[in-house]
Amino acid sequence: MKQVLQNLATGETQLADVPRPHCGAGAVLIATRHTVISAGTERAVVEFGQSSLIGKARQQPDKVKMVLDKARTDGVVATYEAVTTKLGQPLALGYCNVGEVVAVGPKVSGFAVGDRVASNGKHAEFVAVSENLVAKVPDAVPDEAAAFTVLGAVALQSVRLAQPTLGETFAVSGLGLIGLLAVQILRANGCKVLALDFDPSRLALAKSFGATAVNLGTQDPAATALRVSGGHGIDGVIIAASTKSSAPIHQAADMCRKRGRIVMVGVTGMELSRADFYEKELSFQVSCSYGPGRYDPAYEGKGLDYPIGFVRWTEQRNFEAVLALMAAGQIRTDPLVTHRFVIADAVDAFRTITDEPSALGVVLTVSHDNSSNANGANTSSAQTVALPATAKTSDAQPSGTAAKGVVGVIGSGNYAGAVLVPAFQKAGAKLHTIASSAGVSGYDIGRKFGFRETTTDANAVIAHPDIDTVVVATRHDSHAEYVLTALHAGKSVFVEKPLALRHDELEAIKTQAAEAAGAVLMVGFNRRFSPYTEALKAALDEQPAPKAMVMSVNAGAITADHWTQDAQVGGGRILGEACHFIDLLRHLAGAPIVSHTVTVLNAATRDTVTISLSFADGSTGTVHYFANGHKAIPKERLEVFCGGKVFVLDNFRALRSAGAKVRMKGWKQDKGQLAACAAFLAAVRGERGAPIAADELFEVARVTIEAAAAAAQA
């Protein structure tokens, strides 16, 4: 299918052929009819991409600080690679969509195939959208008008925060799409409206909607506000302007009466003058997108609605209210449309919003003509698409051959794209198919690293006859299922940690692995393959005495609503990351773990813990996994005391010792990802045994599951 993507590194807008998205639980799959380009928001994204690195840095000073912090701890090379990788990821554009439901995912209620719906879907032929971000379109509302629903909800939320009442007077500063929709919504609330802008054509539009037009280039808005309000000042202002200046806020304060309300829905400077607000006791609030529920993973991702008795207007209910206003004729969108394009001309459409100042409402139309390729497959709705041939794809294994190491990857998140796939490519893997749920990231990674095809059907990767090796890099709750399915199919499996979240999953994997003759199972415990770890291991193996190991991990805080903190999805940070360090100490000890205890510092988050390990040879290990530190300190430090010697490994960049002649230092971190992938592929090809013994994999998984459970009960 066709989808509009933006390259943030170069500023290039692209119409790409990507797989149709997967319709997962809690989502509906929509065949798009129209989308609206938000001229203000999406123009800003395009212009950001077109700016230089210095220009990007100036626009996001908070990100610059993060980059500098990373450079201090991880090194300049690693930081540069991380930044360029992030900027190189394409951004799927669009958030104003109308179309027809063609599939309904599990656990969805209230929607059926054939429903005409508005959503915040992207500029694409098909979109998969969470059910709470979808609203049915009334029969009286045309498709093109319904495509403005989300923009209308943004305007509506700002109006709700301003709390207008019948007969009040409001101003709307900035007459882009949001501003002009806010004018109409305020008029529908029975308010007098002053419309402020410099553009005569937009002022004329506002006047046609019943507003009093105020040309900021020729008229004094404060004087007009006093005149229309009988000398009291107006009741409130919606700021929908886009400017670096703070003038709109000062201007709004001048216009308001005592205790007036100012709501920011646009993007302006935020230098507030105390004098502006003090004497009048003005209130100021920033409006958040479509309304309550926005950016809440439980509401948007899991479909958990807010009870109407406690939250009357959620973002979905705002969608419905906007559509009702459209059906009643109180919101008109035809006058807002300045340009129309078919989706095949989307690149020209985006050129229009950057090159033509008059561009306002730009509509993309999608026609589903059921076009098929030579094999009779519908090319617009295919879940698997071939990627363009590149020099890299020449090494991919041709169909029908029996050579080992033909890799399919399930999952295309940041770690997969920035670390795991590049490591497998450098290790000589024959990259065949990569799967992603939405299609865009899989398309991007697949194209960059020479995969033959990309898909949104994960099971197609496992079932493909040419693929003998499956790499699982999805969210943690799906790891066990994919590992079991791939092993059952006789495929070798490399799974990102953790191997499993529960004991029953682990036992099932043990049974299946024993039955999968010839298949290699490996968990991505890369740190044991680092050259620093190898040098340390060699030195420790020469010492007959037990070891005392102290691993300190300055993990840093992450929010409680992050998916890794979700017990059902991520399993928590002990299962998700601390397992790495349990495995590392198990490897260095060279003996089984016989007991373990967990001490939790912060019972509220349970991600600041100390895990104490005892090994069969008398060695001890302590993992301090702390989320309460400062990011200026490097993340990982290991100290080993053994036989009168001390070894210190700093953040996998330097290894030093006292009492021994062991010293290494590199320009960048090396956590062993490349060596781990190379060792796994060598085992798949029969060139060596399993890189990590199965018993050790299961032992570390068991101990980690038990440690996480102990922390949860603390």
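The values are calculated or read from the model by the stated rules, or taken from the named source; none is laboratory data. Given the structure is predicted, the values throughout are model-derived calculations rather than measurements. Cβ sites come from the backbone with ideal geometry, for glycine too, and all protein chains shown count toward neighbours.
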Condition met for Pro292 (farther than 18 Å from Ala135 by Cβ and in contact with a helix residue (DSSP H, G or I) (Cβ under 8 Å, 6 or more places away or on another chain))
no
Residues that are in a loop (DSSP other than H, G, I, E, B) and in contact with a Leu (Cβ under 7 Å, 6 or more places away or on another chain): does the range 29-39 have at least one?
no
Residue count, the range 402-424, condition touching a helix residue (DSSP H, G or I) at 6+ places or on another chain (Cβ under 9 Å) and either closer than 25 Å to Leu5 by Cα or part of a loop (DSSP other than H, G, I, E, B) (or both), comes to 16
Residues satisfying the stated conditions in the range 280-324, i.e. of a type in the set (Asp, Glu) and in contact with a Lys or Arg (Cβ under 6 Å, 6 or more places away or on another chain)
Glu281, Glu315
Test: residue in the range 541-549 that is within 31 Å of the chain's Cα centre (by Cα) and in contact (Cβ under 8 Å) with a residue 24 or more places away in the chain:
no
Subset of the range 166-209 [crowded, with 21+ Cβ neighbours inside 10 Å, in a loop (DSSP other than H, G, I, E, B) and among the small types (Gly, Ala, Ser)]
Gly174, Gly176
Please name all residue pairs, on different chains or six or more residues apart, with Cβ atoms under 6 Å, provided the first residue is in the range 502-529 and is under 18 Å from Thr469 (Cβ atoms) and the second residue is among the charged types (D, E, K, R) and not in a helix (DSSP H, G or I).
Val523/Lys497; Gly524/Glu496; Gly524/Lys497; Asn526/Lys671
Only one residue in Leu649, Leu655 is surrounded by 15 or more Cβ atoms within 10 Å (Cβ to Cβ), over 27 Å from Leu601 (Cα atoms) and not polar (S, T, N, Q). Which one?
Leu655
Which numbered condition trips up Phe310, out of (1) in contact with a strand residue (DSSP E or B) (Cβ under 9 Å, 6 or more places away or on another chain); (2) without any contact (Cβ under 8 Å) to a residue 60 or more places away in the chain?
(1)
For the range 616-670, which residues satisfy the criterion of being acidic (Asp, Glu) and touching a residue at least 60 places away in the same chain (Cβ under 8 Å)?
Asp617, Glu636, Glu639, Asp670
Would you check which residues across the range 90-109 are touching a Lys or Arg at 6+ places or on another chain (Cβ under 8 Å), small (Gly, Ala, Ser) and more than 14 Å from Ser38 (Cα to Cα) and list them?
Gly99
Candidates Gly524, Gly556, filtered to the one that is at negative phi and either outside the structural domain of Gly446 (by TED's automatic domain parsing) or crowded, with 23+ Cβ neighbours inside 10 Å (or both):
Gly524
Pairing a residue in the range 181-192 that is in the same structural domain as Gly236 (by TED's automatic domain parsing) with any residue that is among the aromatic types (Phe, Trp, Tyr), where Cβ atoms lie under 7 Å and the two sit 6 or more apart in sequence or on different chains, gives Val183/Phe209; Gln184/Phe209; Leu186/Phe170; Arg187/Phe209; Cys191/Phe170
Matching strands (runs of 3 or more DSSP E) fully within the range 270-384 where at least 2 residues are surrounded by fewer than 17 Cβ atoms within 10 Å (Cβ to Cβ):
283-286, 337-342
Do we have any residue at all in the range 532-546 that's crowded, with 23+ Cβ neighbours inside 10 Å, outside the structural domain of Pro691 (by TED's automatic domain parsing) and part of a helix (DSSP H, G or I)?
no
Name the residues in the range 210-232 that are surrounded by fewer than 21 Cβ atoms within 10 Å (Cβ to Cβ) and in a loop (DSSP other than H, G, I, E, B), would you?
Gly210, Leu216, Gly217, Thr218, Gln219, Asp220, Ser229, Gly230, Gly231, His232
